Amino acid sequence: MRAIPLLILIAPLVISSRMDQEQAPPDSLPPEPKSRFAMLDDVKILANGLLQLGHGLKDFVHKTKTQINDIFQKLNVFDRSVSDLSLQTNEIKEEERELRRTTSNLQAKNEEMKTISLELSSKLEDLLEEKVRLQQKVRGLEEKLMPLVQSLPEGQEHHEVTFLKTFVEQQDQSIKELFQTVQEQYQQLNRQHGQIQEMENQLRKTGFQEAPDSGLSSKQRAPRTVASLGANGTQAAAAQEGVPADCAALSDGGSHPSGVYAIRPGPAGVFHVYCEMKSGSSWTVIQQRVDGSQNFNETWENYQRGFGSLEGEFWLGLEKIHAIVQQSDYILRIELEDWKDNKRYIEYLFSLGSPETDYALRLSEIQGNIPSAIPEHRDLRFATWDHNAKKHLNCPESYSGGWWGPEVCGETNLNGKYVKARARGKPEQRRGLYWKTQKGRLYSLKTTKMLIHPTDLESFE
């Protein structure tokens, strides 16, 4: 590019020199040899200019070629990028189609699970009613048989009692098996519900939304709870206000980690509890012993209000437990661990009386892998060292900790004094945590936990 201006400057000089030579008078012409040398100089100047022009053009061509190569390289990179984007777009479209198919399948399964859940809820209600009827029949039979047994000969009496006992045990075992089947199906539904929620979360993350006519609106996707057996609607009202009625209602809104949460069981107001996740559902923990850091030999007033740390050792409080269980029928689960790290559990259907009855506890065993150590089908009043239903037994004071049923003093004590080493003497042993079965075996315990959960099943939309 610099050679072109140089040529423009040289050309006028050459032309001017030639015009001067042509306009000079004839008598002033130089000798012939001098004119020849002047033309040769002009040719050299012109050749030099052309040479510089050639070098300039060469440099220009070289630079232009380099720029063109750069442009081609950038175009190749752009083409590859467009090709990669096209492949990624096709993959995303394929994933979207797969998610649509998966969502359709999940919707169909959801409808099936909803139907199954309603059937299970109905079956569970029937089972509970049947169990109550059988218990009433057994009590009636016992009342009718007592006069007959007293009037029968000894051998016939033994035979009749054995037959009736076997019949009642078979009926009770059948009910337990049916209840176990219902619980297994309930847990399976919980797992499937968790998978559906996980898939819905993935769909939200990818920004994929269903068409309006897909039949599954955001309102329909929100999980809800089937009305519990005998529930008064307070759980639904509390959930609408943004605070769940208990830990089970908390898990209805999606999976949550175990921890401390606020609940509002009806008119009792808001208070905090520890919620523990089990098989996709959340249980409300009402008692926990782990290391003996909390003194459980408390007064009646403290046992009513509760004490301890929700993330360590604590007693939730009789007032709070009563407020929770008034909303529905509840299951009580007791988890035990001995000093050999053997873990056991037992579950009961239970009810809790009012303060006027000293929060009387009534139990009916459902299942478990340890024999029961608490009397069933009878009202057990709660007592502490300063509030005892039967003062003459003085149980809570002797056994160090408030518990239900002073009239059955010594059968079990999960609120007693925490003894880290196995006690040798019988009196000191009874001051520790222990579980004494009806067959007489006594388990010395390292940790205990009591949890509650409503008996109702969940429904999935």
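Karplus-based coupling profile of the range 72-86, in residue order and whole Hz: 5, 4, 5, 5, 5, 4, 4, 4, 5, 4, 4, 5, 4, 4, 5, with θ = phi - 60° in 6.51 cos²θ - 1.76 cosθ + 1.60 and x standing for Gly or Pro. At a Förster distance of 30 Å, what's the computed FRET efficiency of residue 354 paired with residue 290, Cβ-Cβ distance as r, to 0.05? Approximately 0.45, to the nearest 0.05.
Phi angles of the range 321-334 translate, via the Karplus equation with coefficients 6.51, -1.76, 1.60 and θ = phi - 60°, into HN-Hα couplings of 4, 4, 5, 5, 6, 6, 7, 6, 7, 10, 9, 9, 10, 10 Hz per residue; Gly and Pro are given as x. Near residue 331, the amide H atoms lying under 5 Å from its own belong to 453, 455; only residues 5 or more places off or on other chains count, and H is placed 1.01 Å from N. Efficiency by 1/(1 + (r/R0)^6): what FRET value for residue 256 and residue 176, r their Cβ-Cβ distance, R0 = 25 Å, to the nearest 0.05? Once the sixth-power term is evaluated, E becomes 0.20. Distance between the pseudo-spin-label points of residue 305 and residue 341 (7 Å out from Cα toward the beta carbon): 4.0 nm. Based on the Kirkwood radius over alpha-carbon pairs, what value in µm²/s does the Stokes-Einstein equation return for the translational diffusion coefficient of the range 304-367 at 10 °C and 1.306 mPa s? So the translational diffusion coefficient is about 119 µm²/s. The 3J(HN,Hα) values that the Karplus relation (6.51, -1.76, 1.60; θ = phi - 60°) gives for the range 88-96 are, in residue order, 4, 4, 5, 5, 4, 5, 5, 5, 5 Hz. Gly and Pro appear as x.
Rule-based calculations on the coordinates, nothing more; no lab input. No experiment lies behind these values; they were computed from the predicted model shown. Positions of Cβ are backbone-derived with ideal geometry, glycine not excepted, and every protein chain shown enters the neighbour counts.
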